[in-house]
1. So how much slack lies between D90 and E153, counting 0.36 nm per residue of separation and subtracting their Cα-Cα distance, in nm?
2. For the chain, calculate the relative contact order in percent as a whole number, restricting contacts to Cα pairs under 8 Å that are 6 or more residues apart.
3. Arranged by the count of other C-beta atoms within 10 angstrom, fewest first, what order do V141, V24, V157 take?
4. Find out how many positive minus negative residues lie around C174, taking Lys and Arg as positive, Asp and Glu as negative, among other residues whose Cβ is under 13 Å from that of C174.
5. Report the extension gain between V81 and E37 in nm, rounded to one decimal, defined as 0.36 nm multiplied by the number of residues separating them, less their alpha carbon distance.
6. Which is the longest run of the chain containing none of the GluC sites (Glu not before Pro) found in DSSP loop states (not H, G, I, E, B) with at most 15 other C-beta atoms within 10 Å?
7. What pairs in K2/K144; K30/K131; K30/K106 have C-alpha atoms more than 19 Å from each other?
8. Can you list residues from other chains, or at least 5 along the same chain, whose modelled amide H is less than 5 Å from the amide H of V155?
Amino acid sequence: MKQWISDYIGAQKAALDSIPAEAVAELIGKLRASLQEERHIFVFGNGGSASNSSHFATDLGKGASDKTGKRFRVLSLTDNVSWMTALGNDYAYEDVFVGQLQNHGKPGDLALGISVSGNSPNCVKALQWAKDHGLNTVALVGAKRGRMAEIAEQVIVINDTHYGRVEDAQMGICHLLCYAFMEHPEWAR
């Protein structure tokens with residue numbers, strides 16, 4: 001068991017080492033522009049990625065906003081259960097995010113999809129709609145990249161296919177994005 005734990009930790013370190021610093025810095029710039037221009041930031045994913053989306057929206061919307069003195073207009077599309085289930089029931093599960101974007105998304109807003117496979121149909125459909133309607137599109141994906149990587153204008157890839165390791169590294173990116181403003185509020189100006 002100790003060897004498995006050691007191997008897992010080693011693989012997790014490799015996944016974290018694959019985070020591309022320049023791409024994260026570019027995304028911090030996009031968040032800064034969204035804040036300055038009072039644009040909405042929409043984030044979404046399934047399963048663990050849904051939890052990461054919610055966590056990210058909380059940290060950016062509360063923690064980073066408290067430090068910068070300006071409020072990030074961030075919304076996790078995974079958090080309104082009644083709306084998601086209405087869209088899934090009345091249309092299809094692949095519409096649970098795009099249906100919300102159709103109500104709220106405007107050109108210049110930012111759509112951030114999080115997925116290990118990059119092929120979640122609801123994330124793919126939401127990113128495609130966002131791109132077609134002038135939103136800035138970003139995908140956080142695992143090594144398989146998937147369809148989301150083909151659609152998004154910016155792609156940040158974790159070089160692993162293990163769901164747990166990729167989700168942990170993606171949450172690391174989400175924390176980097178938030179703590180950039182929490183620890184350096186002057187970057188919001």
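1. Values: separation 63, 0.36 × 63 = 22.68 nm, distance 3.05 nm.
Taking D90 through E153 to full extension adds about 19.6 nm, to one decimal.
2. Values: 342 pairs, mean separation 49.6, N = 189.
So the answer I get is 26 percent.
3. Working: V141 27, V24 16, V157 19.
Ordered by Cβ neighbours within 10 Å, fewest first: V24, V157, V141.
4. Numbers: positive: none; negative: D59, E167, D168.
Once all neighbours under 13 Å are counted, the net charge is -3.
5. Working: separation 44, 0.36 × 44 = 15.84 nm, distance 2.90 nm.
Here the segment from V81 to E37 would lengthen by 12.9 nm.
6. Working: sites that count: E37, E38, E153.
Of all site-free stretches, the longest is 39-152.
7. On the way: K2/K144 29 Å; K30/K131 15 Å; K30/K106 15 Å.
Pairs exceeding the cut-off: K2/K144.
8. Correct list: A139.
Here, each number is a calculation from the coordinates, and none is a lab measurement. Because the structure is predicted, anything quoted here is derived from the model rather than measured. Neighbour counts run over all protein chains shown; Cβ positions are idealised from the backbone, glycine included.
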